[in-house]
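Colleague: Handing you this structure, nothing more for now.
Throughout, read-outs are computed from the coordinates displayed, never taken from laboratory work. Only a predicted model underlies this, so the values are computations on that prediction, with no experimental measurement involved. Backbone-built Cβ (ideal geometry, glycine too); neighbour counts: all protein chains shown.
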Amino acid sequence: MNDLCKDCRNLSARDVFRGVCTLSKETVLIDTPACPKFVCAAKCKYCAKYQPSEKENLGVCGGVMVYPDLTGCEDFTAR
């Protein structure tokens, strides 16, 4: 799994293509590979309970199908 700017807690999205890095204050494309200051956002794909499925862009959490880019639930536990 490659980390992207859109997966970083420090990104403030402006639209579906661009955002602002809250650390550098620079405008970035959200699909740019993450920089060394990357801090994972609370998304399902970063949760210890998330299990990827064989279908692309789907996974399982607690027996329920979820999308990996969903915001983590109240039970989110970072890997």
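Colleague: Using unit Cβ charges (K, R positive; D, E negative) and no other charged atoms, how large, in debye to the nearest 20, is the dipole of the chain about its Cα centre?
Modeller: Charge dipole, the chain, about its Cα centre: 220 debye, nearest 20.
Colleague: Once you have the Cα-Cα distance between Ala13 and Glu56, take 0.36 nm times their residue separation minus that, and quote the gain in nm to one decimal.
Modeller: Result for the pair: 13.0 nm of gain on full extension.
Colleague: Which value, in Å to one decimal place, does the Kirkwood hydrodynamic radius take for segment 35-74 when every pair of different Cα atoms is included?
Modeller: 10.6 Å
Colleague: Next up: Evaluate the Debye formula for the chain with equal point scatterers sitting on the alpha carbons, no solvent, and hand back log10 of I(q)/I(0) at q = 0.19 Å⁻¹, in q order, two decimals.
Modeller: One equal scatterer on each Cα of the chain leads to -0.81.
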